[in-house]
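I have placed the structure first, in the form of structure tokens, so that the comments after it can refer back to it.
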Amino acid sequence: MSTDNKNTMVKLRNVYKYFGQLKALDNVSLDIYDGEKIVIIGPSGSGKSTLLRSINKLETIDAGQIIVDGFDICDQETNINKVREEIGMVFQSFNVFPHKTVLENISLAQTVVRKRSKKEASQISTELLKKVDILEKSNEYPGKLSGGQQQRVAIARALAMKPKLMLFDEPTSALDPEMIGEVLEVMITLAKEGMTMIVVTHEMGFAREVADRIIFMDFGAIVEEGTPEHFFKNPTRERTKIFLNQIL
Amino acid sequence: MAEITGKKETKKPVIEIGDGPAIPRKTDVGLFTAWRFSFIGAIAIIAYLAISKPDPYLAILKFVPDGILVTFQVTIEAIILALVIGLFTGLGRISKNRIINGIASIYVEVIRGIPLLVQLFYIYFALGRVINLPAMVSAVIAMAVCYGAYMGEIFRAGIESIDKGQMEAARSLGMTSSQAMMHVILPQAFKTILPPIGNEFVALLKDSSLVSILAVSDLLRRGREFASESFTYFETYTMVALIYLIITLFLSKLVSIMEERISVD
Ligand SMILES: Nc1ncnc2c1ncn2[C@@H]1O[C@H](COP(=O)(O)OP(=O)(O)OP(=O)(O)O)[C@@H](O)[C@H]1O
Ligand SMILES: [Mg+2]
């Protein structure tokens, strides 16, 4: 996807976030355009999750500005729930609702938040379950599902809100190796459909195939950014090289 | 006494003694038979006494059932009110709003530090100064205010036992925190808090005997009324004790069955 027609979906300006003394985000500025796919990489503790979680305000930043879909999310006047409706998030640990069936998992926020009727929500849920290829499990409880299946339910649950932006925080890290593929497949399909995506992952194959831009973070700061081509052929910064050597 | 030397001390033994009668589990064979022995024994003794010595035992049995109903009425009304108070107290205790959190925490501390009987008197007479409530209503409110503090801790623990990823997932879908509580957190917490609530119910039922001082004709008071007219104190209190025992043993059994059902799910 080209980034030429520049409609900004997410804009970060000089963002700082502290956990006590620890600087988790260090002067991060970043623009993400409509339809763009960003992959964020970096060592453990480098602030990748914190960055992602700041975008839907699961973390509150200490300084700087974050604009999502035109809304300044740090502004007290902004109704963060409205903004979150437009941002889907997928977690490393799935976080599906264990007391709801697969279908109910996907329908819940549609009825509660989007105020869709039960019937309409079920229809949309069924469509999405087909899409993530798990329709036959509609009436099961998540406890009966494999990790890969649970994560696909979590993706469908986020998609049911018809979001404009999807955040993925290491969606395959908690999965057994044989299940990683099925989840990445769903994400690739989504990317091809033009969804704006920010993905924290160590899956370099996915990054190479899908990313418009890769961002390398270390110690809370963006160290280097560029196309996959740039990253895999000639990364410029020393820290990037060391990191890539470790994981490739 | 031996000194505790160094850090060799591993886990301190935890002594768990609940308030209600020990809850029998299938695995706990000794206790299981102890439960049976007490339950069947209590019924057998009542039956034997009533048949072999109808005066005064049968007369007592005929006199106190009104009181049993009142005991249940106080207990059920108080527990429902305590659940409501407990829910809000529990939510208050986890609230990030300092004022709300402070109020809830102080309520819990204060209530837990005052004996129930003193609270009962206090609320009864304090309420009596402002509005003249029937004894029954005052009693229920007093019991509920007291048990609400304990319920609050149960709710708090139940809510905190739910993985914080659940709240985050709900919020990231655009739910407000109350929507997330209602649809995601509380339904899951309910499973963990149901057995302790059951135990509180049993404990409350026993403590409800305290309201007999407040001119509420519960089981204990009915017994006292009978005894003071017939001068059969020993016989009457024997019957009253046995009836309490049967009720609490029966309810404890229900709680344990409920607990087992939940853990199977
Ligand atoms: N709630 C928190 N309280 C205190 N410190 C935190 C908290 N969340 C994150 N941190 C710290 O902030 C830093 C950045 O954490 P973050 O989770 O964003 O890193 P990450 O890049 O996602 O790491 P990983 O690859 O391990 O997921 C880490 O040092 C982490 O320990
Ligand atoms: Mg992380």
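Just so you know, all these numbers are worked out from the coordinates, no wet-lab data involved. Everything numeric in this text was worked out from a predicted model, so none of it was measured. We place every Cβ from the backbone using ideal geometry, glycine too, and count neighbours over all the protein chains shown.
With only Lys, Arg, Asp and Glu charged, each at its Cβ (+1 for the first two, -1 for the last two), find how big the charge dipole of the range A:89-141 is about the Cα centre; round to the nearest 20 debye. List each step's numbers first, then the result.
Details: 9 positive and 6 negative charges, 58 e Å.
With only Lys, Arg, Asp and Glu charged at Cβ, the dipole is about 280 debye.
Once you order the gyration tensor axes a ≥ b ≥ c over the Cα atoms, which shape class does the protein assembly as shown get: rounded for a/c under 1.5, otherwise prolate or oblate by comparing a/b with b/c?
Verdict is prolate for the protein assembly as shown.
Any idea how far apart A:N245 and A:K144 come out in nm if each label point goes 7 Å out from Cα toward Cβ?
5.1
Multiply the residue separation of A:E193 and A:F219 by 0.36 nm, subtract the distance between their alpha-carbon atoms, and state the gained length in nm to one decimal.
6.0 nm
Can you pull the mean other chain C-beta count within 10 Å for peptide B:158-168?
Per residue, the average neighbour count from other chains is 2.
Which entries of A:K100/A:K162; A:K115/B:K191; A:K23/A:K164; A:K100/B:K206; A:K37/B:K191 show an alpha-carbon separation above 32 angstrom in the structure shown?
Violating the 32 Å Cα-Cα cut-off are A:K100/B:K206; A:K37/B:K191.
Express the relative contact order of the range B:29-264 as a whole percentage, based on alpha carbon pairs under 8 Å and six or more residues apart in sequence. Could the numbers behind the result be given before it?
Working: 247 pairs, mean separation 70.5, N = 236.
It rounds to 30 percent for the range B:29-264.
Go through the range B:52-112 and name the trypsin sites (Lys or Arg not before Pro) that are in a DSSP coil and have 15 or fewer other Cβ atoms within 10 Å of their Cβ.
On the way: sites: B:K62, B:R93, B:K96, B:R98, B:R112; in loops: B:K96.
Answer by residue number: B:K96.
What distance in nm separates the two pseudo spin-label positions at B:R36 and B:I68, each 7 Å out from Cα along the beta-carbon direction?
Roughly 2.4 nm, to one decimal.
Could you work out how far the C-alpha centroid of the range B:209-235 sits from that of the range A:45-87, in angstrom?
Between the Cα centres of the range B:209-235 and the range A:45-87 lies a distance of 65 Å.
Quote the charge dipole size of the range B:29-264 about the Cα centre in Debye, to the nearest 20; the model charges only the Cβ of Lys and Arg (+1) and of Asp and Glu (-1).
So the magnitude is around 360 debye.
When you look at the Cβ of every residue in A:69-82, what mean number of other chain Cβ atoms sits within 10 Å?
Working: counts 0, 0, 0, 0, 0, 0, 0, 0, 0, 0, 2, 3, 7, 1.
For this peptide, the per-residue mean of nearby foreign Cβ atoms is 1.
What trypsin sites (Lys or Arg not before Pro) in the range A:53-162 are in a loop by DSSP, with at most 12 other Cβ atoms within 10 Å of the Cβ?
Answer in residue order: A:K115.
How big is chain A by the Kirkwood estimate over distinct Cα pairs, in Å? It would help to have the intermediate numbers written out before the result.
Working: mean 1/r = 0.0537 Å⁻¹.
Taking every pair of different Cα atoms in chain A, averaging 1/r and inverting gives 18.6 Å.
Measure of size requested: the Rg and Dmax of chain B, with Cα atoms as the atom set and Å as the unit; please supply both.
Computed over the Cα atoms of chain B, radius of gyration and Dmax are 22.1, 70 Å.
Using the Cα gyration tensor of the range A:116-205, with a ≥ b ≥ c the square roots of its eigenvalues, what is the shape: rounded (a/c below 1.5), prolate (a/b larger than b/c) or oblate (neither)?
Oblate shape, in that a/c is at least 1.5 and b/c is the bigger or equal ratio.
So, R0 is 30 Å and r is the distance between the beta-carbons of B:V264 and B:Y233; what FRET efficiency does that work out to, to 0.05?
The calculated FRET efficiency here is 0.05.
Let me know the mean shielding of A:92-100 by other chains, meaning the per-residue number of their Cβ atoms within 10 Å of its Cβ.
That average works out to 5.
Debye calculation, C-alpha points only, no solvent: report log10 I(q)/I(0) for the range A:2-87 at q = 0.10, 0.24, 0.26 Å⁻¹, in the same order as the q values.
-0.25, -1.29, -1.41
So for the protein assembly as shown: antiparallel DSSP bridges make up what percent, rounded to the nearest 5? Don't skip to the end; give the middle numbers.
Values: 20 of 37 bridges.
Antiparallel: roughly 55 percent of the beta bridges in the protein assembly as shown.
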